[in-house]
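Notes follow once the structure below has been shown.
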Amino acid sequence: MIYKLAVPGPIEDVDELRVLLWHGEPGTRFAAGALVVELETHKAVVEVRASRPGVLRAILAPAGDWQQVGRTLALMGDDEAEPLPADAGPLASWLVEFEVT
Amino acid sequence: MSRLALLRSMLAIRAFEDALAVHPECGFQLLSSGEEALAVGVCAALTSDDQLLSSGRSIGPALARGLDPGAVMAELLGRATGPCKGKGGRGHLAQPSAGFFGAHAVVGGNLSIAAGVALAMQVERRPGIVVCIFGDGACGAGALHETLNLAALWKLPLLFACDNNGWSISTPRARALAPRRLSDLATPFGIPAVTVDGMDVLAVRDATQRFAERARAGEGPAFLEGVTERFATHSTATRETRSADEMAAIRARCPIRRLAATLERDGELDAAGLARLERDAADAALRAVRFAEASPPADIAEIARDVA
Amino acid sequence: MSPDAPKSTRLFFREAIARALAEAMHADPRVVILGQDVGPLGGAYREFAGLHATFGASRVRDMPVAENAMVGIGVGAAAAGLRPLVSITYMDFVMLALDPLVNYGAKLRYKTGGQLHAPVVVKATAGAKGQGVAHSQSLESWLVGVPGLTVVAPSNAADAYGLMGAALDHDGPVVYVDHKRLFPTAGDVPDAPVRVPIGRATVRRRGDNATIATHSYGCRIADAAADRLAAEGIRCEIVDLRTLAPLDVATVASSAARTGALVTLEEGQLPCGLGAELAYRVREEIGPIRVARIGAAPAPISGNRLLEAATLPSVEDVVVAVRRLLERPATNPRTR
């Protein structure tokens, strides 16, 4: 399955965030608990970690991009092979843990 | 600075204020009479690198610092030839180019300003220290305690010179301030402090000199309390609350007479010499008055200048 | 975007401030920062982030809670040759610093006949955001009538950057008022080192039916209100004051002369507020005109969420005010 990766909102007092650093590229496999991407809010850096294993398939918001909370930042998959859908809208969410540091 | 020079400086202040006090345009003034030794003793330890700030009782400090008496009189009488163009008056008299960063009429208001000047000197590694003369009346204000704290923390090259004449206008020190010895106010901050007889110009000078050397060496601030007597009323607009007998006893402690007596005892001065010095001072004061009187009044167009 | 458009970078409001300070501090060793939590913490809103690490503890100094002495030291240091920025975390506490700021800083050039002046920037964060009656006030109107004092208020990241640069360049005391609710916002900031000129308002949004004159966070409320009114066919012009003292009355008057209706919006109190001043000054320029003023309700601003929201001006308040104003008969203002 292909999933969408987003920071679930709402977050109190945070509207938009900046993508700081992806800790991988399309094809990178993440174990549960691994750090996938760092985001920056006006207050702090948010570490987004995988809550289950998966493969990063496509980055939709590269480093330096700004995004609203809740918007899709990347597509994740169970494996590398499955073709990506044209429309990311109806995809299920890929569960993440995030910590505001 | 020689002892004779100290005497001349005090005489100049006394004569200047005597001339001012009888002038029809005297206006609202705070006089330093009786407190000359504190201003003169402090200034004797300063160089041209240093800056002096004072309270609204600025005439003694300004003249002791070496400002031209004619220019000072002009400022007090609201003339355009004063260093502040007549716009500051006694309460805001200033001539930073002469090392007198200035007076500020708000009680305690110049203390944090002085600390800021000291910070600038420290950050820019300029030679020079800052001295702020303030009265016992400022010692209850938060401004003093906040400034002592920061001066100690940052080891600012700042000397706190408290001119303790025992009065906040009509309130004696004992009813205004809990500490009897005001130099004790600095001790909790770890700032070296001393109380001297403020009527003894040599004692004031020597104490200031020691603290100034420390500050110049980067060792930080110090607090000097000089216990003085105020000969006149708090201001020309305030009533005297002390009795004639009290005043007679107070005037007997005159710092000028005291130094003159010392010099006479040591053979550096005789009665005729003293009389000559007194005449010189009176003449100089008269010249200052004449200069001020001959100067144009402050220009009304100045209301629009230097506002922003 | 056309190839000739000036390049810009999207920054958080706080980053725009930090960038202006970093540039100024690199260019001029006299620029120093004094304030609570400005050092390693980088400021309550992280608006000084990185500056302590780059410039060191001598130039970015953490202060104890002592606003009176802190501002006095900043003013005195400015008079003696430094270019300090003094940070007051909550504008409410500028009250403690009014003596050195107003009685010395603002009067220094005048009282010394030009011998001394105090190029100091006092940055204060205004605005209510759940912190209670003594940590929520917008006191700009208390300062705008002080001769010798300049007051500026950015409404967005670009102006936060441009006005900070201008404030640091200015040769007298400047109060730089930002707002708690602006820190979560982001905006495009020109890459070039541009300044926003002091004393000039700007038109943020063009419209013909009503003028809304406001500043700081009020610009965002006005914008949201303008969106709603546009759906009703009412096109609002929003004038962002940017500088509160000296006030750019001409820009507001010129807009109001065209629209024929002026709404002023501030988070501060209405009595002797910016709206009262603008209403009268605009009338002096262009004659009688329909005016409505919006400000906080005349009550302390509780930290209680419900009460706070009911005390502060809302988007709905602006929408209703514009509609009601336009129901009143128009006058014939003199066009400039």
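Each pair of Cα atoms in segment C:139-216 enters the Kirkwood radius, and Stokes-Einstein at 10 °C and 1.306 mPa s then converts it into a translational diffusion coefficient of 115 µm²/s. Sequentially through segment C:88-97, phi angles give Karplus couplings (6.51, -1.76, 1.60; θ = phi - 60°) of 10, 4, 10, 4, 3, 8, 5, 4, 5, 9 Hz, Gly and Pro residues having no value and appearing as x. Expressed as a fraction of 2.2 N^0.38 Å, the value expected for a compact globular protein of N residues, the C-alpha radius of gyration of segment C:1-67 is 1.31. Less than 5 angstrom separates the built amide H of C:Thr185 from those of C:Phe13, all sequence-distant by 5 or more or on a different chain. Sorted into 10 angstrom bins from 0, the C-alpha pair distances of chain A split as 16, 53, 27, 3 percent. Relative contact order, whole percent, for segment B:8-94 stands at 26, derived from Cα pairs under 8 Å and 6 or more residues apart. Contact with the other protein chains removes 20 Å² or more of accessible area, compared with the isolated chain and a 1.4 Å probe, from these residues of segment C:56-95: C:Arg61, C:Met63, C:Pro64, C:Ala66, C:Asn68, C:Ala69, C:Gly72, C:Ile73, C:Gly76, C:Ala77, C:Ala80, C:Leu82. Using a 1.4 Å probe over protein heavy atoms, the accessible area lost on pairing C with B, summed over both chains, comes to approximately 2900 Å².
Its DSSP H runs of at least 4 residues, each contributing -39,500 (n - 2.57), put the calculated 222 nm mean residue ellipticity of chain B at -13500 deg cm²/dmol, to the nearest 500.
Listed by chain and number, the lysines whose C-alpha is less than 26 Å from the C-alpha of A:Lys43, apart from same-chain residues fewer than 8 away, are A:Lys4, C:Lys7, C:Lys123, C:Lys129, C:Lys180.
Given a 1.4 Å probe and every protein chain left where it sits, what share in percent of the accessible area of the protein assembly as shown is carbon and sulfur? Taking all protein chains in place, the protein assembly as shown shows 53 percent carbon and sulfur surface.
Computed over segment B:1-48, the quotient of the alpha carbon radius of gyration and 2.2 N^0.38 Å is 1.29. The per residue volume of the convex hull around the alpha-carbon atoms of segment C:268-336 is 92 Å³.
Note that segment C:223-269, at 20 °C in a medium of 1.002 mPa s, gets a Stokes-Einstein diffusion coefficient of 178 µm²/s from its Kirkwood radius over C-alpha pairs. Looking at segment B:1-49, the accessible area is 34 square angstrom per residue; that uses a 1.4 Å probe and ignores ligands, DNA and RNA.
Backbone geometry of segment B:28-42 corresponds, through the Karplus equation with coefficients 6.51, -1.76 and 1.60 at θ = phi - 60°, to 3J(HN,Hα) couplings of 7, 10, 10, 9, 9, 3, x, 9, 4, 5, 5, 5, 5, x, 4 Hz, x marking Gly and Pro. Scattering from chain C was approximated by placing one identical point on each alpha carbon and applying the Debye formula without solvent; log10 I(q)/I(0) at 0.08 1/Å stands at -0.37.
Loop sites by DSSP among the trypsin sites (Lys or Arg not before Pro) of chain B, restricted to those with at most 11 other Cβ atoms within 10 angstrom, leave B:1-124 as the longest stretch without any of them. Estimated from helices alone, the mean residue ellipticity of chain C at 222 nm is -10000 deg cm²/dmol (sum of -39500 (n - 2.57) over DSSP H runs with n ≥ 4, per residue). Couplings 3J(HN,Hα) for segment C:263-275, derived from phi with the Karplus relation 6.51 cos²θ - 1.76 cosθ + 1.60 (θ = phi - 60°), are 10, 9, 9, 8, 8, x, 6, 6, x, 6, x, 4, x Hz, where x marks Gly and Pro. Model label sites at B:Ala271 and C:Leu306, defined 7 Å from Cα along the beta-carbon direction, differ in position by 9.2 nm.
How would segment B:216-258 be classified by its alpha-carbon gyration tensor: rounded, prolate or oblate, with rounded meaning a/c under 1.5 and the a/b versus b/c comparison settling the rest? It is prolate, given that a/c is not under 1.5 and a/b is the larger ratio.
Taking the Kirkwood radius as Rh and the Cα radius of gyration as Rg, the protein assembly as shown has a ratio of Rg/Rh equal to 1.09. Note on B:Asp283 and B:Arg181: the extension gain reaches 32.8 nm, defined as 0.36 nm multiplied by sequence separation minus the Cα-Cα distance.
With a Förster radius of 51 Å applied to the C-beta separation of B:Thr262 and B:Glu240, the computed FRET efficiency comes to 0.95. Close amide H pairs (under 5 Å, H built 1.01 Å from N) link C:Phe48 with C:Gly43, residues at least 5 positions away or on another chain.
Computed over the alpha carbons of segment B:24-120, Rg followed by Dmax gives 12.6, 42 Å.
Length gained on full extension, B:Ala249 to B:Arg126, computed as 0.36 nm times the residue gap minus the Cα-Cα distance: 39.8 nm. Close amide-amide hydrogen proximity is noted between C:Ala292 and C:Leu262, C:Val263, C:Thr264, each under 5 Å apart and 5 or more residues distant or on a separate chain (H modeled in the peptide plane; Pro and chain starts excluded). Taking every alpha-carbon pair in segment C:107-246 and binning the separations at 5 Å intervals from zero gives 2, 10, 17, 19, 18, 15, 10, 5, 2, 1, 0, 0 percent.
Give me the net charge for the shell around C:His135: Cβ to Cβ below 11 angstrom, other residues only, Lys and Arg +1, Asp and Glu -1. Result for the neighbourhood of C:His135: +1.
Take the Kirkwood radius over Cα pairs of segment C:115-166, plug it into Stokes-Einstein at 10 °C and 1.306 mPa s, and you get 121 µm²/s for translational diffusion. Take the Cα of A:Leu84, step 7 Å toward its Cβ, do the same at C:Arg200, and the gap between the two points is 4.5 nm.
Among beta bridges identified by DSSP and lying wholly in the protein assembly as shown, the antiparallel ones come to about 40 percent. The label-point distance for C:Glu327 and B:Lys155, in a model that sets each label 7 Å from Cα toward Cβ, rounds to 7.2 nm. Distances between every pair of Cα atoms in segment B:220-308, grouped in 5 Å steps from 0 to the bin holding the largest one, split as 2, 9, 10, 10, 14, 16, 14, 12, 7, 4, 2, 0 percent. Both radii are taken from the alpha-carbon atoms of segment B:78-204; with Rh as the Kirkwood radius, Rg/Rh is 0.98. Across all directions, the average projected area of the convex hull around the alpha carbons of chain B is 16.0 nm². Quick check: from the Cα gyration tensor, does segment C:230-302 come out rounded (a/c under 1.5), prolate or oblate? Oblate.
The values are calculated or read from the model by the stated rules, or taken from the named source; none is laboratory data. Keep in mind it's a predicted model, so treat the numbers as computed, not measured. Glycine gets a Cβ as well: all are built from the backbone with ideal geometry, and neighbour counts include every protein chain shown. We work out accessible area using only protein heavy atoms, side chains counted, and drop any ligands, DNA or RNA first. Shrake-Rupley method; radii C 1.70, N 1.55, O 1.52, S 1.80 Å.
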